[in-house]
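Participant: Handing you a structure now.
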Amino acid sequence: MASIRLFRVSGIDVKVHYSLFIVIAFLAYIFYIQEYPYGFRGSEYSAVMAIVAAVSLFLAVFLHELGHAVVSKRFGHNVREIILFIFGGLALIEKPARGMREAIISLSGPAVSVFIAVVFYILSGSSLKPLSEFSAVFYRINLIIAIFNLIPAFPLDGGRVLRGLLSEKIGYRKATYFSAEAGKAIAIFMGIAGLVYNLWLTFIAIFIYLGAAEELKYSRMEALLSRFRVRDIMTTELKTVPPDMTVREFIEFAFKHKHLGYPVMESGRLVGIITLHDVTGRNPEDRISQYMNRELITLSPDEPAMKAFEVMNSTGVGRIPIVENGELVGIITKTDLIRLMQIQEVLRLE
């Protein structure tokens, strides 16, 4: 997700996606033309308050996600970053919690939104007219955010609360299936209602439906990969390249062996990874050592296969070298994981 890092808080990177700047301008326009109590049309300071409200809304979304992040860290789960983007915000948590912990972490975000709503509800009684007008609109918006997020549908917080509660009774996978299907059913209902009453509902319904389907897909991947370890899937017949190979030689090598990326070995030691994407447009006579990735992510052959999927998903890398006792023993790629899942899906269907 292309984004800009703004700052770091409690060891968590806070980033904004480029789409955020577009949506802030759009929201400012909506606040400007919308009638009170959900906008500032007709107000003496309507333009200024509309812009402040649009920016403040994403500050509130940031605090909502920070609530998730702080509680997650309290439970011992590492939070890599918070990204603010067109649909709101997302806290990227490594190894998400399950059961009651997931329910509590998921409730923490809406709880922050409710707290913000209460603060601005109190401020709406101020004798300062601009402050009271702004607060009267802003507390309602935050209350809507809290209520909307509690809808029991993935990828909203309510869907995760439902799964967390259900998984205590019926197990994580069944709870995921039930919660995702419930989310899809709610999305279909919202989509139909939106066609009749408001197209915004249909737009939101599509977002919820796709999120529920994605959660179901992830759960299915986890179920399929859970029975394997990296050593069961990795490729052991390795093709490697030396760092002094030229770009021209590397491209010829890649065409011959028909892989996009290769480990770079020097004196029997893994020193990098090089892909065709890294050398595209480069001087054919340059050495690939100039362009190889030296910041290596490696796994042990005894790691669960799901760990490889999670690492690839979170970092965007397409291949991971497998190292045992300091020696390169294999490589695992996204293609390996996809093929395994396809085979298992066919066998399951049969």
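The values are calculated or read from the model by the stated rules, or taken from the named source; none is laboratory data. Quantities reported herein were computed from a predicted structural model and do not represent experimental measurements. Here the Cβ positions follow ideal geometry from the backbone for every residue, glycine too, while neighbour counts run over all protein chains shown.
Participant: Give the range 140-151 a look and list any residue that's surrounded by fewer than 19 Cβ atoms within 10 Å (Cβ to Cβ) and either without any contact (Cβ under 8 Å) to a residue 12 or more places away in the chain or out of contact with any helix residue (DSSP H, G or I) (no Cβ under 6 Å at 6 or more places or on another chain) (or both), or say none.
Facilitator: Within the range 140-151, R140, I144, I147, F148 meet the criteria.
Participant: A follow-up question, please. Pick out the one residue from I322, I274 that is under 28 Å from the mean Cα position of the chain (by Cα), in a strand (DSSP E or B) and over 30 Å from S219 (Cβ atoms). So that I can check it myself, show each step before the final result.
Facilitator: Working: I322 fails: over 30 Å from S219 (Cβ atoms).
Only one candidate qualifies: I274.
Participant: Inspect the range 282-294 for any residue being polar (S, T, N, Q), touching a residue at least 40 places away in the same chain (Cβ under 8 Å) and under 30 Å from I82 (Cβ atoms) and give the result as yes or no. Working first, answer last.
Facilitator: Applying the first criterion (polar (S, T, N, Q)) to the range 282-294 yields 283, 289-290, 293.
So of that shortlist, the ones also touching a residue at least 40 places away in the same chain (Cβ under 8 Å) come out as 289.
Among the residues that remain, those that are also under 30 Å from I82 (Cβ atoms) are: none.
No: the range 282-294 contains no residue that is polar (S, T, N, Q), touching a residue at least 40 places away in the same chain (Cβ under 8 Å) and under 30 Å from I82 (Cβ atoms).
Participant: Still on this model: Quick one: how many residues across the range 183-223 are more than 26 Å from F26 (Cβ to Cβ) and more than 21 Å from the chain's Cα centre (by Cα)?
Facilitator: 3
Participant: Then there's this: Hey, among V112, V161, V137, which residue is over 18 Å from E65 (Cα atoms), among the aliphatic types (A, V, I, L, M) and buried (at least 21 other Cβ atoms within 10 Å of the Cβ)?
Facilitator: Values: V112 fails: over 18 Å from E65 (Cα atoms); V161 fails: over 18 Å from E65 (Cα atoms).
After applying the criteria, what remains is V137.
Participant: State whether the residues of the range 210-219 include one that is hydroxyl-bearing (S, T, Y), crowded, with 21+ Cβ neighbours inside 10 Å and within 27 Å of S72 (Cα to Cα). Steps first, please.
Facilitator: First pass over the range 210-219, keeping only residues hydroxyl-bearing (S, T, Y): 218-219.
Within this subset, residues satisfying the condition of being crowded, with 21+ Cβ neighbours inside 10 Å are none.
Looking for residues that are hydroxyl-bearing (S, T, Y), crowded, with 21+ Cβ neighbours inside 10 Å and within 27 Å of S72 (Cα to Cα), one finds none in the range 210-219, hence no.
Participant: Can you tell me which residue is surrounded by the most Cβ atoms within 10 Å (Cβ to Cβ) among those in the range 313-335 that are within 15 Å of T236 (Cα to Cα) and among the charged types (D, E, K, R)?
Facilitator: Out of the qualifying residues, it is R319.
Participant: Separate question: Any residue in the range 289-298 that is in a helix (DSSP H, G or I) and either loosely packed, with under 12 Cβ neighbours inside 10 Å or assigned by TED's automatic domain parsing to the domain that holds L238 (or both)?
Facilitator: In the first step, residues of the range 289-298 are kept if they are in a helix (DSSP H, G or I); the result is 289-290.
Next, from what is left, pick out any that are either loosely packed, with under 12 Cβ neighbours inside 10 Å or assigned by TED's automatic domain parsing to the domain that holds L238 (or both): 289-290.
Yes, because at least one residue in the range 289-298 is in a helix (DSSP H, G or I) and either loosely packed, with under 12 Cβ neighbours inside 10 Å or assigned by TED's automatic domain parsing to the domain that holds L238 (or both).
Participant: Let me ask something additional. Given the criteria among the β-branched types (V, I, T), outside any strand (DSSP E or B) and under 25 Å from D157 (Cβ atoms), does I24 qualify?
Facilitator: Details: among the β-branched types (V, I, T): yes; outside any strand (DSSP E or B): yes; under 25 Å from D157 (Cβ atoms): yes.
Judged against the criteria, I24 is a match.
Participant: Within the range 59-80, which residues are farther than 13 Å from I12 by Cα, out of contact with any helix residue (DSSP H, G or I) (no Cβ under 6 Å at 6 or more places or on another chain) and modelled with pLDDT of 85 or more?
Facilitator: L59, V61, R74
Participant: Scan the range 104-133 and report the pairs whose first residue is without any contact (Cβ under 8 Å) to a residue 12 or more places away in the chain and acidic (D, E) and whose second residue is surrounded by fewer than 17 Cβ atoms within 10 Å (Cβ to Cβ) and in a helix (DSSP H, G or I), with Cβ atoms within less than 6 Å and a gap of 6+ or a chain change.
Facilitator: Nothing qualifies.
Participant: So if I check each of H68, H77, H64, which one is part of a loop (DSSP other than H, G, I, E, B), crowded, with 16+ Cβ neighbours inside 10 Å and assigned by TED's automatic domain parsing to the domain that holds G109? Spell out the reasoning first.
Facilitator: On the way: H68 fails: part of a loop (DSSP other than H, G, I, E, B); H64 fails: part of a loop (DSSP other than H, G, I, E, B).
H77 is the lone residue from the list that is part of a loop (DSSP other than H, G, I, E, B), crowded, with 16+ Cβ neighbours inside 10 Å and assigned by TED's automatic domain parsing to the domain that holds G109.
Participant: Picking from T246, T275, T315, which residue would you name as being β-branched (V, I, T) and at pLDDT below 90?
Facilitator: Details: T246 fails: at pLDDT below 90; T275 fails: at pLDDT below 90.
Answer to the check: T315.
Participant: Then there's this: Going through the range 288-340 one residue at a time, which ones are within 17 Å of A254 (Cα to Cα) and either of a type outside the set (A, V, I, L, M, F, W, C) or out of contact with any Ser or Thr (no Cβ under 8 Å at 6 or more places or on another chain) (or both)?
Facilitator: S289, Y291, M292, N293, G318, R319, T333, T335
Participant: Test V230 against the stated conditions and say whether it is closer than 19 Å to D286 by Cβ and β-branched (V, I, T).
Facilitator: Numbers: closer than 19 Å to D286 by Cβ: no; β-branched (V, I, T): yes.
Criteria not met by V230.
Participant: Okay, next question. Among the numbered criteria (1) closer than 30 Å to Y218 by Cα; (2) at pLDDT below 90, which single criterion is violated by S267?
Facilitator: Only one criterion is unmet by S267, namely (1).
Participant: Another one. Please work out which one of (1) modelled with pLDDT of 90 or more; (2) within 19 Å of the chain's Cα centre (by Cα); (3) not aliphatic (A, V, I, L, M) is the condition R8 fails and give its number.
Facilitator: (1)
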